[in-house]
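Quick notes on the structure that follows.
The values are calculated or read from the model by the stated rules, or taken from the named source; none is laboratory data. Small disclaimer: the values here were computed from a predicted structure and weren't measured. A quick note on method: Cβ atoms are made from the backbone with ideal geometry, for glycine too, and the neighbour counts reach across all protein chains shown. When the accessible area is computed, the model is the full protein with side chains, heavy atoms only, and any ligands, DNA or RNA have been set aside. Shrake-Rupley method; radii C 1.70, N 1.55, O 1.52, S 1.80 Å.
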Amino acid sequence: MLAREVFGPLGGIVEIGAVSATGTWSVGAASVGELVSRRRDEVGRLLDLVRDIGGFSPATMAIADELGYLREHEVTAPALLLWSGAVEGIPPRLEDLEQRDVVRRMCHMAADLQMTYLLQALVTAAIVSGGDVGRRAARIVDALTLASDLVGETGRSAPALVFRMWRVAHLPALLRPDAGTPEQGKAAFRAYDQALEALTTSA
């Protein structure tokens, strides 16, 4: 379950990156297979970091391949709607280059949302697997750096920005006094918040 929470956002990230890589924001021209092949080393390193952060077994890591997100497949308008949280909506002709501004806005929103989900999933996996917070936090930042490069338009989804979005979007619901999070869990999330802040501020 933890691994799927990580691989889901990763699937969105590679699809968004494939659309961004067209240079024209053309959904129909996007190729996940080409992006993954061209960035094979980075994708491999990212998956290695995910395995280390979550302490995942080879069988668990195989879920990434089973889901098919990293293989060639069609990027669709409904998928972009899903990844972007339906903030923009779907125009009648999303693939038409006349709608490139709409596609770009959808991809920007999707990148913000999925990168934030990815960070939440990685922190949760790190907490469950245990180990040194500083070491795992550094690997999480490395993973975010690789993912932000994959998603395209370097700088929009830099680790420091993703960290701040995650802190606002996820931590209050987990850490406020009436939250159902166990005290041990609250302490762990606070520890990662502090470690990630230190790493991203100094980056």
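Each Lys or Arg adds one and each Asp or Glu subtracts one; over the other residues with Cβ under 15 Å from the Cβ of P58, this totals -3. Peptides 22-33, 102-113, 81-92 ordered by packing proxy, namely the average of other Cβ atoms within 10 Å per residue, highest first: 102-113, 22-33, 81-92.
Counting protein heavy atoms only, the chain has 54 percent of its accessible area on carbon and sulfur, 1.4 angstrom probe. Sequentially through segment 179-189, phi angles give Karplus couplings (6.51, -1.76, 1.60; θ = phi - 60°) of 5, x, 5, x, 4, 5, x, 4, 4, 5, 5 Hz, Gly and Pro residues having no value and appearing as x. Annotation: per residue accessible area for segment 1-201 equals 47 Å², rounded to a whole number [probe 1.4 Å, protein chains only]. For the chain, what is the calculated [θ] at 222 nm in deg cm²/dmol (nearest 500), taking -39500 (n - 2.57) for each run of four or more DSSP H residues and dividing by its residue count? Roughly -23000 deg cm²/dmol at 222 nm, from the helical runs in the chain. Could you compute the FRET efficiency for S37 and R4, with r as their C-beta to C-beta distance and R0 at 22 Å, rounded to 0.05? Between S37 and R4 the formula returns 0.35.
The modelled label-to-label distance between A138 and Q184, using points 7 Å beyond Cα along the C-beta direction, is 2.7 nm. Spatial offset of segment 89-148 relative to segment 23-79 amounts to 13 Å, using the alpha carbon center of each.
Residue-wise HN-Hα couplings along segment 33-44, as the Karplus relation 6.51 cos²θ - 1.76 cosθ + 1.60 with θ = phi - 60° gives them from phi, are x, 5, 4, 5, 5, 5, 10, 4, 5, 5, 5, x Hz; Gly and Pro carry x. For the peptides 6-18, 35-47, 175-187, residues were scored by their other Cβ atoms within 10 Å and the scores averaged per peptide; the highest-first order is 6-18, 35-47, 175-187.
Compared with the dominant Cα axis of the chain, that is its longest principal axis, helix 58-67 is turned about 30°. Give the shape of segment 84-199 as rounded, prolate or oblate, defined through the alpha-carbon gyration tensor: a ≥ b ≥ c are the square roots of its eigenvalues, a/c under 1.5 means rounded, and otherwise the shape is prolate if a/b is larger than b/c and oblate if not. Prolate is the answer for segment 84-199, as a/c is 1.5 or above and a/b outweighs b/c.
Couplings 3J(HN,Hα) of segment 74-80, computed from phi: 6, 8, 10, 4, x, 5, 5 Hz, in residue order, whole Hz [Karplus 6.51 cos²θ - 1.76 cosθ + 1.60, θ = phi - 60°; x for Gly and Pro]. When only the Cβ of Lys, Arg, Asp and Glu is charged (+1, +1, -1, -1), the dipole of segment 53-195 relative to its Cα centre reaches about 600 debye. Projecting the Cα positions of A158, L82, G11 onto the charge dipole of the chain (unit charges on Cβ atoms of Lys, Arg, Asp and Glu, taken about the Cα centre) puts A158 furthest along the positive direction.
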